[in-house]
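Worksheet: one structure, shown below.
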Amino acid sequence: MLDLTKYDSLGAALRDALGRWPGEVCLIEADRDHERSRLTYRQFGEAAEPLAAALEESGFAAGERAAIIMTNQPKWLISAYAVFFAGGTLVPLDYKLSAAEHLQLLAYSQANILFVEYPLWRAIMAAAAFSEHKLRTVLVTEAPPNADLAGGVRWEEVRGARAPEFRPRTQTDTACIVYSSGTGGHPRGCVLTHQNYLEQCAAVTPVFPFSPGARYLSIIPTNHAIDFMGGFLMPFTGGGTVVHLRTLRPEFIREAFTKYKITYMAVVPLILKNLQRGLREKFAALPPGKRKMLDALIAVNRALTRGKPRPALSRLLLKDIHKAFGGGLRALLVGGAFTEPATIEFFHDIGIPIYNGYGCTEACTAITLNDLRPFRPDTVGRPVRGMEIRIARPDADGIGEVAVRSKTVMREYLDDPEMTAETLVDGWLMTGDLGRVDATGHLQLFGRKKNMIVTAEGKNIYPEDIENNFEGIAVKEFCVFAANYIWPQHTMTGEQLVLVLHPEPGQAVDDALLKELSRRNERLLNYKRVSSFIVWERDFPRNAAMKIRRVVLAGEIGKQLERSAMVSM
């Protein structure tokens, strides 16, 4: 791995990576049953530098902003490196947003250059506010030769006439403006410096060391802080390989593990739960004798690896399971939301280490990480290197707002001094998350401060805490709200908790499910119990990290259903 303490910018570090491992494969792009492309570090540079030259020749200035709206693919990383090489500031946007939202963020960020996929650009061109955009240059990937691009140019045809000039930047210069996945109303652009990223990469890489031959499967959108770090900066500064899939259908993800011998993958809890569900179904389908033998081997592995992971032993005891994951998987990193401890234990028991962590865009990704020394699935780990944590205004149980201080913390919210002053207080980032630090230094999370419900008796209730109690119930997805939040009553009394259930297609809320809900509900303290449930037939809106967009969901429910739709538990 490169010694990142020697660099002032991401562009400088990435440029040295291309020179250090020229013959190693850095990118593989696959689509269903065939491979579309494979690039070495040398070939990556040969593709990116003419693009950087074209930017410079077009008048692109150091510090100028360039946005990217693409699915995960090599052209995303090539474009990003070209921007850094030319001294620019990157604005990575979520390709899953609507065209109207894309135009809004492009305007707020004041980006002058846009790298975009053709289908996404077509949607943007059709948006009502399209004529108001102020983009100077739009580079469109994979556009048909005769397509109307409304002034845009084909990405594949943009090449400079001469070699580009590398433009150095300082650690305090802005590297990226990242819009946090939970943004609502006025967008909040996190201004992150080159120092933020270099410090974060140096802090996390020792836990996930990359070297030539190590391979990362990229499935979280690259605009997201987790994949930008794990699927770009960390592999490249260690000489590793990033594998992109043009489809995220489960069968092709499973095939990629074995075909490309994946070493690491970052996932959000929802993806991890789906992996767990698939494995459980396969285990349940085994003949009784084989299932009994598997259970015995899992028990042995659990007993021998409780203190720390022992991958070689686990691969020997549970050969078929690990073979399905390619035989070389070292770890899965899970973040973006709370992960149920039972899910983490499931994977630990079969010998696949799950490093669950906690972070936010404002802190440039990771704040804490479970290093499995010892195995603690009930927490999100200890602070990463260089990170300080304190609990602000703790209550009698030691629960308060998590505040962090580090060189990885953003400089500000773009053009929003008021929100910046509320969030960065005396050098501390106020995360808005509620937590407690235990005697061993591990952080336990309880929910978002803004989601906290205060009952008439003055009790604090965290919806996420209650949701953990219902994990595993037989529905597609669910969440908990205060009824007065969905249907405002303008009263501080009579608060009720409602469980929103989204069943699988064709599934009924039958007696068996109601019985299980009642049993789970009775395990909660009286003031935490859910009083009612409602059935919601549509998929929950989610952000790039697959977190439920609670504000949006509550608004949709409030418009479509009356309060009388609640069914008493």
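Each value in this text was obtained by applying a stated rule to the coordinates, not by laboratory testing. Being a predicted model, the structure only gives us computed values, none of them experimental. Note that we place each Cβ from the backbone using ideal geometry, even for glycine, and neighbour counts take in every protein chain shown.
Hey, quick one: spin label on K476, modelled 7 Å out along Cα-Cβ, who in segment 521-560 has an amide N within reach, i.e. under 12 Å?
In segment 521-560, the label zone of K476 (backbone N under 12 Å from the point 7 Å along Cα→Cβ) covers 536-541.
Suppose every Lys and Arg Cβ carries +1 and every Asp and Glu Cβ carries -1, with no other charges. What dipole size does the chain come out with about its Cα centre, to the nearest 20 debye?
Roughly 1740 debye, rounded to the nearest 20.
For segment 287-327, how big is the tail of P(r) above 16 Å, as a whole percent of Cα pairs?
Working: 298 of 820 pairs.
Within segment 287-327, distances greater than 16 Å cover 36 percent of Cα pairs.
Starting from the Cα-Cα distance between V552 and E388, subtract it from 0.36 nm times their residue separation and give me the gain in nm to one decimal.
55.7 nm
To test your reading of the geometry: what angle, between 0 and 90 degrees and rounded to tens, separates the Cα axis of helix 511-522 from the longest principal axis of the chain?
Tilt relative to the chain: about 90 degrees.
Sticking with the crude label model, points 7 Å out along Cα→Cβ, report the distance from F130 to D426 in nm, one decimal please.
Computed distance between label sites F130 and D426 equals 5.2 nm.
Per q in 0.16, 0.30 Å⁻¹, report the Debye log10 I(q)/I(0) for segment 188-248, using one uniform scatterer on each alpha carbon and no solvent.
-0.52, -1.30
Once amide H atoms are built 1.01 Å from N in the peptide plane, which residues 5 or more positions from Y95, or in another chain, come under 5 Å H to H?
Under 5 Å from the amide H of Y95: M70.
Would you calculate, for the chain, the mean residue ellipticity at 222 nm contributed by helices, counting each DSSP H stretch of 4 or more residues as -39,500 (n - 2.57) and dividing by all residues, to the nearest 500?
On the way: 18 runs with 182 residues, N = 569.
Per the formula, -9500 deg cm²/dmol.
What whole-number volume per residue, in cubic angstrom, does the convex hull of the C-alpha atoms of the chain give?
Dividing the Cα hull volume of the chain by its residue count gives 170 Å³.
Please express the shape of segment 174-305 as an equivalent ellipsoid: the semi-axes are the square roots of 5 times the eigenvalues of the C-alpha gyration tensor, given largest first in whole angstrom.
Ellipsoid half-lengths, sorted descending, are 34, 19, 15 Å.
Any chance you could list the semi-axes, whole Å, largest first, of the equivalent ellipsoid that the Cα gyration tensor gives for segment 248-337, using √(5λ)?
Computed over segment 248-337, the values are 21, 17, 14 Å.
Toward the positive end of the charge dipole of the chain, about the Cα centre and with charges on Cβ (Lys, Arg +1; Asp, Glu -1), which of F481, L445, A175 goes farthest?
L445
Could you tell me which residue out of L248, L90, G11 lies farthest along the dipole of segment 4-260 toward its positive end? Charges go on the beta carbon: Lys and Arg +1, Asp and Glu -1, centred on the Cα centre.
Of the options given, the answer is L248.
What order do you get for V204, V402, V153 when you list them from fewest to most C-beta neighbours inside 10 Å?
Result, fewest neighbours first: V153, V204, V402.
If you rank C26, C364, C479 by fewest surrounding Cβ atoms within 10 Å, what's the result?
Placing the least packed residue first, the sequence is C479, C26, C364.
Nearest 5 is fine: what % of DSSP beta bridges in the chain come out antiparallel, could you say?
Among the beta bridges of the chain, antiparallel pairing accounts for roughly 55 percent.
Can you pull the percent of Cα pairs in segment 403-445 with separation above 14 Å?
Beyond 14 Å sits 55 percent of the P(r) for segment 403-445.
Could you please rank S79, S518, S314, placing first whichever residue has the fewest other Cβ atoms within 10 Å of its Cβ?
S518, S314, S79
Quick one: check the C-alpha center-to-center distance for segment 23-41 versus segment 74-120, whole angstrom.
Cα centroid of segment 23-41 versus Cα centroid of segment 74-120: 23 Å apart.
Take the Cβ-Cβ distance between N460 and A150 as r, set R0 to 45 Å, and report the resulting FRET efficiency rounded to the nearest 0.05.
Using R0 = 45 Å, I get an efficiency of 0.30.
What percentages make up the Cα-Cα pair-distance distribution of segment 4-260 when the bins are 10 Å wide from 0?
Result returned by the calculation: 7, 31, 39, 20, 3.
Compute the convex hull volume of the Cα atoms of segment 452-568, divide it by the residue count, and report the result per residue in Å³ as a whole number.
109
Angle check, please: helix 250-260 long axis (alpha carbons) against the longest principal axis of the chain (alpha carbons), in degrees 0 to 90, nearest 10.
Taking Cα atoms only, the helix is inclined about 60 degrees.
Which residue, chosen from V300, N526, T40, occupies the Cα position most advanced towards the positive end of the dipole of the chain, where the dipole is computed from +1 (Lys, Arg) and -1 (Asp, Glu) charges on Cβ about the Cα centre?
Positive-end residue among those listed: V300.
Relative to the longest principal axis of the chain, what angle (0 to 90°, nearest 10) does the C-alpha long axis of helix 10-20 take?
70
Can you grab the distance from the C-alpha centre of segment 500-537 to the C-alpha centre of segment 233-258, Å, no decimals?
The two parts, judged by their Cα centres, are 37 Å apart.
Non-local amide H neighbours of G447 (under 5 Å, H modeled in plane, Pro and chain starts lacking H): which ones?
Hits under the 5 Å cutoff: L434.
Please report, in debye to the nearest 20, how large the charge dipole of segment 1-145 is about its Cα centre when each Lys and Arg carries +1 at its beta carbon and each Asp and Glu carries -1 there.
Charge dipole, segment 1-145, about its Cα centre: 120 debye, nearest 20.
In debye to the nearest 20, how big a dipole does segment 452-568 give about its Cα centre with +1 on each Lys and Arg Cβ and -1 on each Asp and Glu Cβ? Working shown, then result.
On the way: 15 positive and 16 negative charges, 49 e Å.
About 240 debye.
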